[in-house]
1. I want to check the label-to-label distance for residue 13 and residue 44. Put each point 7 Å from Cα in the C-beta direction and report it in nm to one decimal.
2. Starting from the Cα-Cα distance between residue 100 and residue 21, subtract it from 0.36 nm times their residue separation and give me the gain in nm to one decimal.
3. Taking 8 Å as the Cα distance limit and 6 or more residues as the minimum spacing, I'd like the relative contact order of the stretch 31-139 as a percentage.
4. Rounded to whole Å, give me the distance from the Cα center of the stretch 75-140 to that of the stretch 1-17.
5. Using P(r) over Cα pairs in 5 Å bins from 0, in percent as the read-out, say which of (1) 2, 11, 22, 24, 21, 14, 6, 1, 0; (2) 2, 9, 14, 16, 13, 10, 9, 7, 6, 5, 4, 2, 1, 1, 0, 0; (3) 2, 10, 17, 16, 14, 11, 9, 7, 5, 3, 2, 1, 1, 0, 0 was calculated from these coordinates.
6. Go ahead and estimate [θ] at 222 nm for the chain from helices alone: -39,500 (n - 2.57) per DSSP H run with n ≥ 4, summed, over the residue count, rounded to 500.
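Just so it is clear, none of the values below were taken in a lab; they were calculated from the coordinates. Only a predicted model underlies this, so the values are computations on that prediction, with no experimental measurement involved. Here the Cβ is made from the backbone with ideal geometry for all residues, glycine too, and neighbour counts use every protein chain on show.
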Amino acid sequence: MSDVIADSVRRQRCFLSLIGAFASIAVLLSLAGLHGVLSYAVAQRTRALGVRAALGRAPLRTAASVVRGGIALIGAGVTCGLLCSALFTRLLQSILYGVSPLDTTTWLVATLVLTAAGMVAIVLPSFRAARIDPMTAMRTE
């Protein structure tokens, strides 16, 4: 009997596995993109950040300014994602079993996980910005 049940849900299981794989790839690509954008922004602002460091700005404040820019990008991405997800809940309704498409717990957990992943992508560029040597920054163009 277990083989009959497994055969009856094989198509749905395959479809959901495929969706999960594509979602994982999409998250990884978005994190790489966020990291790349912030690294590029720090590289473009190296001279300005170096001048501020030379004038006595604390490295923590420099890192915080990069983190604020990243949080703004994460907020925009999460907002757009939630709006688009709300529009596509009818498509998901046919493949969900035991969970409502508008389950607040699921939406909250997904939002928190993606926000936390985005914060991880922000860490390295903010540390790089905080460690900018003023003399090296002044010499570069």
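1. About 4.9 nm separates the two model spin labels.
2. Values: separation 79, 0.36 × 79 = 28.44 nm, distance 2.16 nm.
Difference between extended and current length: 26.3 nm.
3. On the way: 83 pairs, mean separation 65.0, N = 109.
Computed value for the stretch 31-139: 60 percent relative contact order.
4. 31
5. (2)
6. Values: 7 runs with 118 residues, N = 141.
It comes out at -28000 deg cm²/dmol, rounded to the nearest 500.
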